[in-house]
Amino acid sequence: MYRQLKDFQKALAMFRKAAAVSPTHPQSRMNIGVVLMHDLNDPKGAIAAWEDYLRVAPNDPNAENIRRSIQELKGRESGAGGGVDLDKAARELGQQANSPAAK
């Protein structure tokens with residue numbers, strides 16, 4: 001709900017708290033990356049969060065989208081382009097983070 005209220009720092013703090021309380025909770029890690037990338041424009045932080053998500057849930061239904069987003073972000077950092085529309089992927093992950101199942 002903090003994210004919907006545009007209190008991104010508080011949302012990030014709560015997602016990080018959830019991840020600390022439950023070391024195997026993938027949704028909190030995915031949401032950390034969404035807030036960092038989509039709301040706080042921190043691609044390096046998003047990559048780290050999403051890599052942690054993949055460590056916890058490599059076979060989660062969202063894992064392939066996360067892998068593509070990481071690949072695209074790393075490609076942008078190195079100056080190489082990728083075939084992934086990162087803005088679209090970030091919107092989709094943001095929508096998933098706002099879904100009732102994510103709360």
Requested in this report: Taking Ala49 as the residue in question, decide whether it is under 17 Å from Leu12 (Cβ atoms), small (Gly, Ala, Ser), open to solvent by less than 20 Å² (accessible area, probe 1.4 Å) and modelled with pLDDT of 95 or more.
Outcome: yes
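Restricting to the stretch 5-34, give me the number of residues that are aromatic (Phe, Trp, Tyr) and more than 11 Å from the chain's Cα centre (by Cα). Can you show your working first?
Here is the first cut: in the stretch 5-34, the residues aromatic (Phe, Trp, Tyr) are 8, 15.
Going one step further and asking which of them are more than 11 Å from the chain's Cα centre (by Cα), we end up with 8.
So the count comes out to 1.
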Query raised in the report: If you take the residues in the stretch 55-74 that are buried (at least 20 other Cβ atoms within 10 Å of the Cβ) and among the aliphatic types (A, V, I, L, M), which one is nearest to Met30 (Cα to Cα)?
Result: Ile66
Query - The one condition in (1) part of a helix (DSSP H, G or I); (2) of a type in the set (A, V, I, L, M, F, W, C); (3) surrounded by fewer than 18 Cβ atoms within 10 Å (Cβ to Cβ) that Met37 fails to fulfil - result: (3)
Requested in this report: Within the stretch 1-25, work out how many residues are buried (at least 18 other Cβ atoms within 10 Å of the Cβ) and at pLDDT below 95.
Outcome: 1
Requested in this report: Considering only the stretch 26-82, state which residues are closer than 21 Å to Tyr2 by Cβ and aliphatic (A, V, I, L, M).
Outcome: Met30, Ile32, Val34, Val35, Leu36, Met37, Leu40, Ala46, Ala48, Ala49
Report summary line: All-but-one check, Glu77 against (1) farther than 28 Å from Ser22 by Cα; (2) open to solvent by 90 Å² or more (accessible area, probe 1.4 Å); (3) modelled with pLDDT of 90 or more, failing number (3)
Query raised in the report: Restricting the first residue to the stretch 22-37 and requiring it to be more than 15 Å from Phe8 (Cβ to Cβ) and touching a residue at least 12 places away in the same chain (Cβ under 8 Å), which pairs with a second residue that is among the hydroxyl-bearing types (Ser, Thr, Tyr) and buried (at least 24 other Cβ atoms within 10 Å of the Cβ) meet a Cβ separation below 7 Å and a spacing of at least six or different chains?
Result: Pro26/Tyr53; Arg29/Tyr53; Met30/Tyr53
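The values are calculated or read from the model by the stated rules, or taken from the named source; none is laboratory data. Nothing here was measured: the structure is a model prediction, and the numbers come from that model. Cβ atoms come from the backbone with ideal geometry, glycine included; neighbour counts cover every protein chain shown. Each accessible area value is taken on the protein alone, full model and side chains, heavy atoms only, with ligands, DNA and RNA left out. Shrake-Rupley method; radii C 1.70, N 1.55, O 1.52, S 1.80 Å.
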